[in-house]
There are 2 protein chains.
Amino acid sequence: MESKHQDEIVQLCPRYHRAIELIGRRWTGAVIRVLFAGPRRFNEILARIPGISDRLLTERLRELEQAEIVSRAVETGSPVRVTYGLTAMGRDLEGPLGEIGRWAERWLPAEATAL
Amino acid sequence: MESKHQDEIVQLCPRYHRAIELIGRRWTGAVIRVLFAGPRRFNEILARIPGISDRLLTERLRELEQAEIVSRAVETGSPVRVTYGLTAMGRDLEGPLGEIGRWAERWLPAEATAL
DNA sequence: TTGCCTACCTACTTATGGTAAGTTATAAGC
DNA sequence: GCTTATAACTTACCATAAGTAGGTAGGCAA
């Protein structure tokens, strides 16, 4: 009964799968959520997400930029300042991620238990 | 580089963060989505998710069981059969994950590019 | 007896994440 | 004019998670 299904199901929904693997990567959801409030500079994002390291923030921002969810703006100057904001595609995640937030409020205890 | 800001911001939204780290783990979204269609046996889930290994499926199912998103039912018999289904908490993810699916259909190309 | 089935488990390798320190260019403080 | 500070990274290294391969139990069919 098994090998029969596999091929037909490969395309069950590759877009959904790609989406969830993309926004489900560690810290990605938090980064996007911070940017819902408006464009932020690198160190602002870093400060708003407890636990993330600068290395990983760089990595996640690069991925989100490549996915066209986040846009990057550089202001050349004394210390270079870089601002990150959401694209239309990124802002459109407010619905989905908001739903996840409401689900979490319905079902998860206020004091987070250890994963 | 140290972070001095961290403590003040810890309670931004721990439940949202926990939710996205939980359902965002690799394959978790796919497993839950398969179970939206109804309870399935171990090998059925395995066959429906191309790319996942049995080891990881076991691991994810254990985590989802612990999180009370998935329930496990054993039918003792000739070869032991185990059926996995969603709890109320798990079924309630249909809204959030559906939203993600629709977002993916709006924004991601039909032919998935490699992650 | 040999092999097959389900639902795993164990050992091992590779990829990803976490931690700490270094870089570049400018500017402020002493 | 020399140290120190800042922003946004980069590099190096170690730990954890994911991927791969093979094994296990107990019944059953050939």
Inset, instruction - Place the label 7 angstrom along Cα→C-beta at residue A:95 and in each other copy, then list the distances from the first to the rest in nm, shortest first. - result: 1.4
Inset, instruction - Report ³J(HN,Hα) in whole Hz for each residue of segment B:76-93, in order, from the Karplus equation J = 6.51 cos²θ - 1.76 cosθ + 1.60 where θ = phi - 60°; Gly and Pro get x. - result: 5, x, 3, x, 4, 10, 10, 10, 10, x, 8, 7, 4, 4, x, 5, 5, 7
Inset, instruction - Taking amide H positions as placed in the peptide plane 1.01 Å from N, state which residues far from residue A:70 in sequence (5 or more) or on other chains have amide H under 5 Å from it. - result: A:65, A:87
Legend entry - Over the protein assembly as shown: helical MRE at 222 nm, DSSP H runs n ≥ 4 each giving -39500 (n - 2.57), nearest 500: -15500 deg cm²/dmol
Inset, instruction - For segment A:12-107, just the Cα atoms, rotate onto the principal axes and tell me the three extents in Å, largest first. - result: 49, 28, 23
Legend entry - Inter-copy separations for residue A:77, label at 7 Å along Cα-Cβ, nm, ascending: 7.1
Legend entry - Stokes-Einstein D (µm²/s) once Rh is taken as the Kirkwood radius of the protein assembly as shown over alpha-carbon pairs, at 20 °C in 1.002 mPa s: 113 µm²/s
Legend entry - Inter-probe distance in nm under a simple model that places probes 7 Å from Cα toward Cβ, at residue B:80 and residue A:87: 4.9 nm
Legend entry - Delta accessible area of at least 30 Å² on complex formation, residues of segment B:29-64, 1.4 Å probe, chain isolated as reference: B:33, B:47, B:48, B:50
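The values are calculated or read from the model by the stated rules, or taken from the named source; none is laboratory data. Note that the structure is predicted; figures quoted are calculated from it, not measured. Here Cβ is always computed from backbone atoms with ideal geometry, including for glycine, and neighbour counts include all displayed protein chains. Heads up: the accessible areas ignore ligands, DNA and RNA and are worked out on the full protein's heavy atoms, side chains in. Shrake-Rupley method; radii C 1.70, N 1.55, O 1.52, S 1.80 Å.
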